[in-house]
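Student: I have a structure here, written as structure tokens, and I will follow up with some questions on it.
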Amino acid sequence: MNPELLRNIWLELTPRRMALMVAVLVLIFFAAAVATGDDHGVVGSLFGSAQWLYYGLVVFWGSRNAALSVVGEIRDRTWDLQRLSSLGGGAMTVGKLFGSTIYNWFGGLICLAVMTVSTLAHGGPGAAVIDIVYYIAIGLIAQAASLLASLVAIRRRQSHSRFDIFLYQLVGLIAAVAVFFVWNAADPEGTLLKGKVSSDTVVWWSIAFEARAFLLLSLAIFTGWTLL
């Protein structure tokens, strides 16, 4: 396994932290279920709670951890030692991006499982798969964009104050908002806010494309480019 990723897993996914995450999420879901009377309302309440928790854990907190993954090493004066290791750029990127946010993904996947069960009950397997793709994409893009912003600042030798780290995180949050609106417009099942594309076609360089396909392909390219 990637040594940097394995190191972060050991640091982040300790038994105590994992138990704490599970306990807190279970308590929140239990409180949301108790606060709702009928069975239909319970399912909707659990989905809403899981959705907001996912955004908080993976998008908001995860983007901050991603922004801190390399900047924190520089501030702790351990980055030069890591650069001298045998890890290549790709392995270091994977280790930092997914290792620094592994705890966020641990909690986020629990929330995603709750949302998937709810969507399966009301929308079927197709809607559940679409939701899974969306939530993973928005979390991944937010974290990757935050890390990318911090790396650009490092190359320009900018300072790394708390405000600067917030700006790196803000880049990821803006990317997440963009993903939200693009997906909401292109979602073929209409599971996210019942969004609809205002036009059936998109004209790009004098060529007309089917709107939903164009938006989803653009989002996929954006995801790949951000990771690259």
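Student: Which entry in (1) 32, 26, 14; (2) 44, 17, 14; (3) 36, 27, 16 matches semi-axes √(5λ) of the Cα gyration tensor in Å derived from the coordinates of this structure?
Tutor: Derived directly from the coordinates: (1).
Student: Per residue of the chain, what 222 nm ellipticity follows from adding -39500 (n - 2.57) for every DSSP H run with n ≥ 4, rounded to the nearest 500?
Tutor: Per the formula, -25000 deg cm²/dmol.
Student: Hey, what do the phi angles of region 109-119 turn into as Karplus ³J(HN,Hα) couplings, whole Hz, using 6.51/-1.76/1.60 and θ = phi - 60°, x for Gly and Pro?
Tutor: Rounded to whole hertz, the list is 5, 5, 4, 5, 5, 5, 5, 5, 4, 5, 5.
Student: Taking a point 7 angstrom from the Cα of Gln82 along the C-beta vector, which residues in region 8-24 have backbone N less than 16 Å away?
Tutor: Flagged as within label range: 8-13.
Student: For the chain, what is the relative contact order in percent, using Cα pairs closer than 8 Å and at least 6 residues apart in sequence?
Tutor: Computed value for the chain: 23 percent relative contact order.
Student: Whole-Hz Karplus ³J(HN,Hα) for region 51-63, in order, using 6.51 cos²θ - 1.76 cosθ + 1.60 and θ = phi - 60°, x for Gly and Pro?
Tutor: 5, 5, 5, 4, 4, x, 6, 8, 7, 6, 5, x, 5
Student: Can you give me the distance in nm between label points at Leu20 and His122, each placed 7 Å from the Cα along the Cα-to-Cβ direction?
Tutor: 3.3 nm
Student: How high is the FRET efficiency between Trp52 and Leu6 when r is their beta carbon distance and R₀ equals 25 Å, given to the nearest 0.05?
Tutor: 0.20
Student: Loop only per DSSP, at most 14 neighbouring Cβ atoms within 10 Å: give me the trypsin sites (Lys or Arg not before Pro) in region 39-129, ordered by residue number.
Tutor: Arg77
Read-outs: derived from the displayed coordinates by stated rules, not from any lab. Model, not experiment: these values are computed from the prediction. Positions of Cβ are generated from backbone atoms using ideal geometry, with glycine treated the same way; all protein chains shown enter the neighbour counts.
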